[in-house]
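The structure appears right after this line, and notes come after that.
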Amino acid sequence: MATLVGGLMLAATSAFAGLTRQQNWAVLYASVVGMSYYAEPLPADYDYARTLTAVLTQESSLCHHKRGMDKASYGCGQLQKRTALLVNGKPVAAHKLQHDDALNIRLAARYLAYCMQQMGSWERSVICYNKGPYRAANMSDREVTKDAYLRSVRRRMREAQSLLAKVN
C-alpha cells in the first residue's frame, strides 16, 4: 500500500519486521516530517527525525496506544487539546486527534519543534514535550538529569535510529 506524504509517495512495506502496518506508516511519516517540517533551523545535534520517532514510540508505541492513560491525551503523539490549539492555531476535536494519524503526527512534530526552539538544550526540549515549556524551563539541572521520561526517550533513540536507517 502506498501513502502520499508531503508530496512523496511512500510504500508502507514489511521493511520494519514486527511492526504493524500503522506503526510502519508512523515511522515513514515521522521520517519525512522530521526531515522537512520545522521552519527555523534547529541545532544539528538535536537529530529531529530520530527524536520525533523516539517521542512517538515513547508516547504511543508508534500509534499502537492512541488514548492516553490520563484520558486527556490523544493519538500517536498523545497530544492534549490545548497543545493542539497552540500549534494548530485553532481547536482540534479530541476524536480527530485520536483518529487522524497524519494530523496528529504533524501537530506532534510542530510541538516538538516549538519545544526545541524554546528550550536551551535537547534534554529540556524532550522534557518540554512531555511536561510543557514552563515545567521544563523551571527544572533544576539535577531534576533534568533524573527525569524518567527523558531517560525513556534516550532509550527509544537507539530504536529510532535503526528504524530510520531502514527508511533512508
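Quick note: the coordinates plus some simple rules give every number you see, no bench work behind them. Here the structure is a predicted model, which is why all the values come from computation and not from measurement. Positions of Cβ are backbone-derived with ideal geometry, glycine not excepted, and every protein chain shown enters the neighbour counts.
Could you check the range 95-123 and list, in sequence order, the residues that are in contact with a helix residue (DSSP H, G or I) (Cβ under 6 Å, 6 or more places away or on another chain), buried (at least 22 other Cβ atoms within 10 Å of the Cβ) and over 16 Å from Q80 (Cα atoms)?
M116
Would you check which residues across the range 140-153 are assigned to a helix (DSSP H, G or I) and either surrounded by fewer than 11 Cβ atoms within 10 Å (Cβ to Cβ) or free of Cβ contacts under 8 Å to residues at least 60 places away in the same chain (or both) and list them?
In the first step, residues of the range 140-153 are kept if they are assigned to a helix (DSSP H, G or I); the result is 141-146, 148-153.
Of everything in the range 140-153, those that are assigned to a helix (DSSP H, G or I) and either surrounded by fewer than 11 Cβ atoms within 10 Å (Cβ to Cβ) or free of Cβ contacts under 8 Å to residues at least 60 places away in the same chain (or both) turn out to be D141, R142, E143, V144, T145, K146, A148, L150, R151.
Hey, any hits in the range 88-109 for a residue that's over 16 Å from D47 (Cβ atoms) and either in contact with a Pro (Cβ under 7 Å, 6 or more places away or on another chain) or among the hydroxyl-bearing types (S, T, Y) (or both)?
no
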